[in-house]
Amino acid sequence: MSEKTVVVALGHKALGTTLPEQKVATKAAAKAIADLVEDGANVVISHSNGPQVGMIHTAMNEFGKAHPKYTFAPMSVCSAMSQGYIGYDLQNAIRTELLSRGIYKPVATVLTQVVIDPYDDAFAEPEKIIGRVLTAEEAEAEEEKGNYVTEISEGQFRRILASPKPQRIVEIETIRALASAGQIVIAAGGGGIPVLEQGIELHGASAIVEKDLASGLLAEELNADTLLILTSVEKVSLNMGTEKEELLGIISAEDAHKYIEADQFKKGSMLPKIEAGLSFIEKKAGRRAIITDIAHAEAGYKEKTGTIIK
């Protein structure tokens with residue numbers, strides 16, 4: 001891989017929520033990606049899929065309820081669907097933006113499976129909320145099937161899923177080959193399709209892999225030099241929401257570990273981004289992880305803003 005390879009992890013704001021919002025949002029994301037390409041970066045993209053996979057899961061399961069001859073869609077299938085239609089919008093937006101600048105680079109979406117550990121502690125403490133609101137009766141039926149639910153308000157429940165850590169990216173050789181050929185690759189969308197290995201077979205798992213950790217693993221396995229995580233803030237902050245709030249610029253891995261120990265980063269939000277960045281930079285010298293928002297993607301890449309762990 002080129003020393004200028006950058007894995008860009010697009011957050012929710014880069015994709016929107018509804019289909020029309022996604023069309024608009026991906027155009028802005030495409031501009032940020034094209035800026036990096038013009039700066040000479042070899043770009044591989046991962047992305048979130050929270051609202052999208054939730055919409056698909058709800059739609060497919062409501063369809064199954066209304067049409068008993070059809071089966072309910074497992075989470076792994078919903079994840080694959082979300083990768084497909086997000087990738088469709090994203091790759092077309094990037095292609096259009098590049099061509100408008102006189103740049104021809106193929107853009108490809110790779111349906112990506114991520115192997116997880118069936119004994120991951122996360123399965124004992126599921127935390128990712130998915131699907132529509134359930135009645136008490138429906139929640140009980142879900143539990144009888146072995147699924148977890150949580151009460152969000154009196155008499156209202158929603159299903160929750162485990163978020164195990166990614167262990168291995170199945171299609172990594174395909175992604176590496178395309179990126180090495182100079183193509184822009186969209187991969188590991190939504191953290192990847194979670195699968196369990198059983199002999200030579202892969203079986204979809206009822207889980208949601210943390211997108212940021214999967215992006216970090218993708219960057220590691222591609223031997224990238226930069227992990228650029230685009231989120232909703234220009235810089236990470238300490239003591240967020242208080243009078244002592246402090247924005248972070250360039251920090252060391254030692255500092256990042258210290259802040260984690262002090263519970264400065266919210267679990268399921270900023271914490272996995274910091275953890276992904278740390279895991280990536282600590283595997284090899286000379287790497288950097290940058291956290292900023294999409295409006296400052298290029299400036300962050302050039303270390304003019306953002307929170308940079310190196």
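The values are calculated or read from the model by the stated rules, or taken from the named source; none is laboratory data. Every value quoted in this text rests on a predicted model; they were computed, and no experiment measured them. Here Cβ is always computed from backbone atoms with ideal geometry, including for glycine, and neighbour counts include all displayed protein chains.
Report whether or not Val149 is within 22 Å of the chain's Cα centre (by Cα) and either surrounded by 18 or more Cβ atoms within 10 Å (Cβ to Cβ) or touching a residue at least 12 places away in the same chain (Cβ under 8 Å) (or both). Criteria not met by Val149. Taking the numbered list (1) surrounded by fewer than 22 Cβ atoms within 10 Å (Cβ to Cβ); (2) of a type in the set (Gly, Ala, Ser); (3) assigned to a helix (DSSP H, G or I) in turn, Ala73 passes all entries but (3). The set of residues in segment 248-288 being of a type in the set (S, T, N, Q), surrounded by fewer than 16 Cβ atoms within 10 Å (Cβ to Cβ) and free of Cβ contacts under 8 Å to residues at least 40 places away in the same chain consists of Ser269 alone. Taken over segment 118-141, the criterion of being crowded, with 18+ Cβ neighbours inside 10 Å and over 29 Å from Ala187 (Cα atoms) is satisfied by Leu134, Ala139.
Does Leu218 satisfy being in contact with a strand residue (DSSP E or B) (Cβ under 6 Å, 6 or more places away or on another chain), outside any loop (DSSP other than H, G, I, E, B) and either surrounded by fewer than 23 Cβ atoms within 10 Å (Cβ to Cβ) or not acidic (Asp, Glu) (or both)? Before you say what the answer is, go through the steps one by one.
Details: in contact with a strand residue (DSSP E or B) (Cβ under 6 Å, 6 or more places away or on another chain): yes; outside any loop (DSSP other than H, G, I, E, B): yes; either surrounded by fewer than 23 Cβ atoms within 10 Å (Cβ to Cβ) or not acidic (Asp, Glu) (or both): yes.
Answer is yes for this residue.
Do you know which residues across segment 207-235 are under 9 Å from the mean Cα position of the chain (by Cα) and within 11 Å of Ile291 (Cβ to Cβ)? Give the steps one after another, and end with the answer.
The initial filter retains those residues of segment 207-235 that are under 9 Å from the mean Cα position of the chain (by Cα), namely 209-215.
Correct list: Asp212 only.
Residue count for segment 261-279 under the criterion of being assigned to a helix (DSSP H, G or I) and more than 15 Å from the chain's Cα centre (by Cα): the result is 3.
Taken over segment 158-172, the criterion of being farther than 13 Å from Leu111 by Cα, surrounded by fewer than 22 Cβ atoms within 10 Å (Cβ to Cβ) and of a type outside the set (S, T, N, Q) is satisfied by Arg158, Ile160, Ala162, Lys165, Arg168.
May I ask you to verify whether Glu245 is surrounded by fewer than 21 Cβ atoms within 10 Å (Cβ to Cβ) and modelled with pLDDT of 95 or more? It is false that Glu245 is surrounded by fewer than 21 Cβ atoms within 10 Å (Cβ to Cβ) and modelled with pLDDT of 95 or more.
Please tell me if Val6 is part of a strand (DSSP E or B) and aliphatic (A, V, I, L, M).
Details: part of a strand (DSSP E or B): yes; aliphatic (A, V, I, L, M): yes.
Criteria met by Val6.
Among the residues of segment 78-109, those identified as hydrophobic (A, V, I, L, M, F, W, C), surrounded by fewer than 19 Cβ atoms within 10 Å (Cβ to Cβ) and not in a helix (DSSP H, G or I) are Ile103, Ala108.
May I ask you to verify whether Leu19 is touching a residue at least 24 places away in the same chain (Cβ under 8 Å) and among the hydrophobic types (A, V, I, L, M, F, W, C)? No: the conditions fail for Leu19. Does Val115 meet the test of being in contact (Cβ under 8 Å) with a residue 24 or more places away in the chain and in a strand (DSSP E or B)? Yes.
So, in segment 12-21, exactly how many residues are over 11 Å from His47 (Cα atoms) and either crowded, with 22+ Cβ neighbours inside 10 Å or among the aliphatic types (A, V, I, L, M) (or both)?
Residues flagged as over 11 Å from His47 (Cα atoms) and either crowded, with 22+ Cβ neighbours inside 10 Å or among the aliphatic types (A, V, I, L, M) (or both) within segment 12-21 amount to 1.
Considering only residues of segment 226-242 that are without any contact (Cβ under 8 Å) to a residue 40 or more places away in the chain and assigned to a strand (DSSP E or B), which is surrounded by the most Cβ atoms within 10 Å (Cβ to Cβ)? Working first, answer last.
Restricting attention to segment 226-242, the residues satisfying the condition of being without any contact (Cβ under 8 Å) to a residue 40 or more places away in the chain are 237-242.
From what is left, the residues that are assigned to a strand (DSSP E or B) are 237-238.
Numbers: Ser237: 18, Leu238: 14.
Filtering segment 226-242 for residues that are without any contact (Cβ under 8 Å) to a residue 40 or more places away in the chain and assigned to a strand (DSSP E or B), the one surrounded by the most Cβ atoms within 10 Å (Cβ to Cβ) comes out as Ser237.
Applying the condition of being of a type in the set (S, T, N, Q) and in a helix (DSSP H, G or I) to segment 9-38 and asking which residue is farthest from Leu227 (Cα to Cα) yields Gln22. Would you say Ala285 is out of contact with any His (no Cβ under 9 Å at 6 or more places or on another chain), modelled with pLDDT of 95 or more and not in a strand (DSSP E or B)? When the stated conditions are applied, Ala285 does not pass them.
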